[in-house]
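A short write-up of the structure that comes next.
The values are calculated or read from the model by the stated rules, or taken from the named source; none is laboratory data. Just so you know, these numbers come straight off a predicted model, no measurement behind them. When we count neighbours, we look across all protein chains shown, and the Cβ atoms used for this are built from the backbone with ideal geometry, even at glycine. Areas reflect the complete protein model, heavy atoms only, side chains present, ligands, DNA and RNA absent. Shrake-Rupley method; radii C 1.70, N 1.55, O 1.52, S 1.80 Å.
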Amino acid sequence: MNQVKISRKDLMSVESPGRYVGGEFGSVIKENVLEQLEKTGTCKEVRTAFCFPDVYEIGMSNLALQILYKCLNDMEECWCERVFSPWVDMDAVMRKSNIELYSMESKSPLKDFDVVAFTLGYEMCYTNVLQMLDLGKIPFRTKDRKENDPIVVCGGPCAYNIEPMADFFDLAMMGEGEELIVEVTKIIKKYKDEGKKDRKKLLVELSQLEGVYVPSLYEPVYEDGRYVGLNKLHESAPDTIRKRIIKDLDNVPYPTNPVIPNIRIIHDRAYLEIFRGCIRGCRFCQAGFIYRPVREKSSETLCRQGIEIEHNTGYDELGILSLSSSDYTGLKELTDGLLEAFEGRHTSLSLPSLRIDNFALDLMEKVSQTRKSGLTFAPEAGTQRLRDVINKGICEEDIMKSLSLAFAGGWSTVKLYFMLGLPTETMEDVEGIADLARKIEKLYFDVCREQGIKARRPEITVSTSMYIPKPFTPFQWEKQNTKEEFLQKQSHLRSLLKSKNIKYIWHDVETSLWESVLARGDRRLCDVIEDGYRKGCFYDAWDDHFKYDTWMETLTEHGLTWEMFAKGFDVDDEHLPWEHIDVGVNMSFFKKEREKAYREEITPPCRTKCSACGAQCFKVGECYAPK
Amino acid sequence: MLQNERSLEMTRQQHQTEYVVRCLFERVGVASFVGHLDLMHTFDRAIRRAEMPILYTQGYNPRPMMVFALPLGVGIDTLGDYVDISLSRVVDAEEFMEKVNNNLPRGVKLYGGINIDEPKNSLMSVVTTAMYRIKAPGVQDPMLRLFEKDEIKVEKKSKGKIVETDIRPLLLSKAQKMPEDKDICELYVCAGSVKNLRPDVLMSALCKYEGYDEDAAANAEVTRLSLFGGEYPKLLDIKELL
Ligand code: SF4
Ligand code: SF4
């Protein structure tokens, strides 16, 4: 069997060698497969390399990785190992010493695997996919891969518009992967059993599975530089590909025995996912639509799993995970149950994405044994008008009411998240952000005076990010703000937020401009991405490594411009590069929502009233709950 | 339920005797490529997974009560390090080790544990000497020649400034029985919180004074064989230094 060897000197020359050695508690070594490999160099099982296109510390914090690692390793006919993107220093060492990319478990070269599976959580990781294929000596393009090359697949939120990366993946999996990845693996097992004869035939067979998109079975058509649709290249390729969801979350495998890293990672805690989807439907939010419909796990299952995970992992923190934890119907039972179980064990709960109300404040008091942490709000927009446009069901009165409670309870740190460049935004809306921050500052001192609390210096942080129109949202057709518009808004806000109690944090504009191209791009970008990578772009998600000028220059070299992608699409007579993908929510619903946005009308959350968005087609969850 | 049992135990019962477990441990292979803090976390989690009733410090930021004899650098194997772990009730050292060993990652293992009372001197303060084995091509002879020198000056970074120090006094002795294999050298050096010689510093001195190959030095396998208290040559067994 081939094993990649790295000298001690090479390993010790990089920052954090622990990233590259494996050996973690809970990592799976299938001895029976290893034995076959050692004896014969091959094995009957499907070998899958689960690749995370970012550093170890980020990859190991990813729940999808742990879930799918478990699903695959639970299969007798598969051994799944992990592979991460080597950091810049290790990348250089590997190229210099001619070391191939290898797996954490058996240290096998990437190209020895049957399946190479990427999870794509954010667009900016695309170049790292190429880095990993490159270091793994796997041909970049589907068309260049031979029968014995690994099948290169992907999944995750970015798979919904995989067009900018379509040439590099043999297939993309849409939606939740627990069941689909098992089905795909079984078909690949048959292909392997039969001696890997006909790769094309395999891909056609896989394309028949619901949720599988094989880009090479389609060809995009452009007219006058605009995308006008996909041509099928094979008669049995499906017209549309519908995402997969898990119907019964109580009975789906959950990693209660995850891999525990030996080194500290970004989110060094155990995770408990409490539900999928979001009842709210904020119009800018892709997650709010692609994960529809809302499906909850029962609080009994969660309590049981939470207790099990805390015991199995030894972590002293359990993170409650969802898009909006306050919307979980059994939150009280769950947190009461867990807090009771963890009493005296030095284990804390962390609950991000809570809406601040009495219950939440009470809970926050209970869960954090130490100092009062900060409060977080995401009004996203500065005025009620704009919040109505984006359907952010949070009004100033709500914020002020919760903050009065919090300030009276001794909190003094508030973080506020906003977006700049939302559709219909004017300078007045931008000024609204500053107004809100100043009102909160005043409120703090008012509350302290009324309650007779000794006022400290409140810490109010305003953070703005740049709005990026995303596929599968009512704003998927919108134009993005230009660099100048963004910068103007940022500097205006900066000049308005000069109080010593208010801190303003702004994000890099250029990254958002490029991310927007990738998010709504089409297959013409494949060449651009490969070229950019060849020019040295990778780790684009890290501001220090992101090379805006190189990207813009590369776009131009390919006869493309930022404007072509950023200007969006005409709602009535233009095609969207992702329109063959079906997430359940209908295009007509997105159009209606867009119109309502322009009329400044809100749409109630799923739980209040169903708007028949289309996701009822999955026949489960919130869509069928009594209202 | 396990959970509640442990939680009751995690509250300290005063005046217990023999509630500290003093264990030797080894760390070899891939596990050696993590830093000292990470190793402490690894132990902490393994002990929690084993449901052993480790005590926590009081106060603002409770920490598990675990004392290591000497920090272990990244990339260094050990066959004989010590750790003291305080528990809220007496658990037989054998049982403790068995349960925790089942929960440690590959390459890390406890052995030779004993139950003791809370030691009067912290484990960290009693360590004076370490024995290392260095394995690298032809390393033995040049290393032994270092012992013939009167002074060995190396540059060290201290508070941002580069200072020269003499590490010769920190080199104590070669092993009583040097291995026949010329690629291996075993030696005693000062170790501990007062005087300490790090193996990588020693290797760089070897390159500087003996012209030893830098690459070979970087690839050397360094293993800490054991730790001692007392004063060389009258070394004392750490197990007995309570
Ligand atoms: S509350 Fe709004 S922004 Fe948050 S996940 Fe739900 S839809 Fe998205
Ligand atoms: S069908 Fe109704 S309840 Fe279901 S996700 Fe759509 S709007 Fe919500």
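Observations, loosely collected:
- Among the criteria (1) closer than 30 Å to A:Val212 by Cβ; (2) under 19 Å from the mean Cα position of the chain (by Cα); (3) outside any loop (DSSP other than H, G, I, E, B), the one A:Asp531 does not fulfil is (2).
- Residue match in region A:252-262 (condition: more than 13 Å from ligand 1 (Cβ to nearest atom), polar (S, T, N, Q), within 14 Å of chain B (Cβ to nearest Cβ) and open to solvent by 30 Å² or more (accessible area, probe 1.4 Å)): yes
- Among the conditions (1) surrounded by fewer than 24 Cβ atoms within 10 Å (Cβ to Cβ); (2) under 19 Å from A:Arg524 (Cβ atoms), the only one that A:Asn148 does not satisfy is (2).
- Considering residues of region A:291-314 that are open to solvent by 10 Å² or more (accessible area, probe 1.4 Å) and within 14 Å of chain B (Cβ to nearest Cβ) only, the residue farthest from ligand 1 (Cβ to nearest atom): A:His311
- Any hit, region A:344-361, residues being in a helix (DSSP H, G or I), surrounded by fewer than 21 Cβ atoms within 10 Å (Cβ to Cβ) and not assigned by TED's automatic domain parsing to the domain that holds A:Gln286: no
- The residues on offer are B:Val28, B:Val34, and the sole one that is closer than 25 Å to A:Gly22 by Cα and at pLDDT below 95 is B:Val34.
- Test: residue in region A:204-227 that is within 16 Å of ligand 1 (Cβ to nearest atom) and open to solvent by less than 40 Å² (accessible area, probe 1.4 Å): no
- Restricting region A:377-396 to residues that are in a loop (DSSP other than H, G, I, E, B) and of a type in the set (A, V, I, L, M), the residue that is farthest from ligand 2 (Cβ to nearest atom): A:Ala381
- Filter pass, A:Glu123 being out of contact with any helix residue (DSSP H, G or I) (no Cβ under 7 Å at 6 or more places or on another chain) and open to solvent by less than 20 Å² (accessible area, probe 1.4 Å): no
- Residues of region A:6-37 satisfying the condition of being among the basic types (Lys, Arg), more than 7 Å from every other protein chain (Cβ to nearest Cβ) and without any contact (Cβ under 8 Å) to a residue 60 or more places away in the chain: A:Lys30
- Any hit, region A:268-285, residues being open to solvent by 30 Å² or more (accessible area, probe 1.4 Å), out of contact with any Lys or Arg (no Cβ under 8 Å at 6 or more places or on another chain) and within 14 Å of another protein chain (Cβ to nearest Cβ): yes
- The residues of region A:577-598 that are open to solvent by 20 Å² or more (accessible area, probe 1.4 Å) and either in contact with a Lys or Arg (Cβ under 8 Å, 6 or more places away or on another chain) or more than 23 Å from A:Pro157 (Cβ to Cβ) (or both), listed by number, are A:Asp582, A:Lys592, A:Arg594, A:Glu595, A:Lys596, A:Tyr598.
- When the test is whether a residue is buried (at least 16 other Cβ atoms within 10 Å of the Cβ), assigned to a helix (DSSP H, G or I) and within 16 Å of ligand 1 (Cβ to nearest atom), A:Ala341 does not pass it.
- Exactly one residue among A:Glu178, A:Glu183 is of a type in the set (D, E, K, R), within 18 Å of A:Phe118 (Cα to Cα) and open to solvent by 40 Å² or more (accessible area, probe 1.4 Å), and that residue is A:Glu183.
- Only one of A:Thr376, A:Thr383 that is closer than 30 Å to A:Ala434 by Cβ, more than 14 Å from chain B (Cβ to nearest Cβ) and away from ligand 1 (no atom under 16 Å from the Cβ): A:Thr383
- The condition of being open to solvent by less than 50 Å² (accessible area, probe 1.4 Å), in contact (Cβ under 8 Å) with a residue 24 or more places away in the chain and more than 27 Å from the chain's Cα centre (by Cα) holds for only one of A:Glu601, A:Glu574, A:Glu622, that being A:Glu574.
This table checks each residue for (1) open to solvent by 50 Å² or more (accessible area, probe 1.4 Å); (2) touching a helix residue (DSSP H, G or I) at 6+ places or on another chain (Cβ under 9 Å); (3) closer than 28 Å to B:Leu110 by Cα.
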position	(1), (2), (3)
B:Glu180	yes, no, no
B:Asp183	yes, yes, no
B:Arg198	yes, no, yes
B:Leu206	no, yes, no
B:Tyr212	no, yes, no
B:Ala218	no, yes, no
B:Ser226	no, yes, yes
B:Pro233	yes, no, yes
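- Residue within region A:318-327 that is crowded, with 22+ Cβ neighbours inside 10 Å and within 12 Å of ligand 1 (Cβ to nearest atom) present: yes
- Hits in region A:571-627 - residues which are within 16 Å of ligand 1 (Cβ to nearest atom) and either touching a strand residue (DSSP E or B) at 6+ places or on another chain (Cβ under 7 Å) or β-branched (Val, Ile, Thr) (or both): A:Val583, A:Val585, A:Ile602, A:Thr603, A:Thr608, A:Gly621
- Of all residues in region A:276-290, those being part of a loop (DSSP other than H, G, I, E, B) and either within 23 Å of A:Leu63 (Cα to Cα) or within 7 Å of ligand 1 (Cβ to nearest atom) (or both) number 7.
- Among the residues making up region B:163-178, a single one is exposed (fewer than 15 other Cβ atoms within 10 Å of the Cβ) and among the hydrophobic types (A, V, I, L, M, F, W, C): B:Val163.
- Residue match in region A:527-536 (condition: open to solvent by less than 30 Å² (accessible area, probe 1.4 Å), in the same structural domain as A:Ser326 (by TED's automatic domain parsing) and not aromatic (Phe, Trp, Tyr)): no
- Qualifying positions in region B:203-226 - of a type in the set (A, V, I, L, M, F, W, C) and closer than 17 Å to A:Ser7 by Cβ: B:Met203, B:Cys207, B:Ala216, B:Ala217, B:Ala218, B:Ala220, B:Val222
- Which listed residue, of A:Ile399, A:Ile433, is touching a strand residue (DSSP E or B) at 6+ places or on another chain (Cβ under 9 Å), part of a helix (DSSP H, G or I), more than 14 Å from chain B (Cβ to nearest Cβ) and within 16 Å of ligand 1 (Cβ to nearest atom): A:Ile399
- Total residues in region A:323-337 satisfying the condition of being within 16 Å of ligand 2 (Cβ to nearest atom) and either of a type in the set (Val, Ile, Thr) or within 14 Å of another protein chain (Cβ to nearest Cβ) (or both): the figure is 1.
- For region A:350-372, the set of residues classified as within 14 Å of chain B (Cβ to nearest Cβ) and in contact (Cβ under 8 Å) with a residue 24 or more places away in the chain consists of A:Lys372 only.
- Within region A:29-85, tally of residues that are of a type in the set (Gly, Ala, Ser) and crowded, with 23+ Cβ neighbours inside 10 Å: 3
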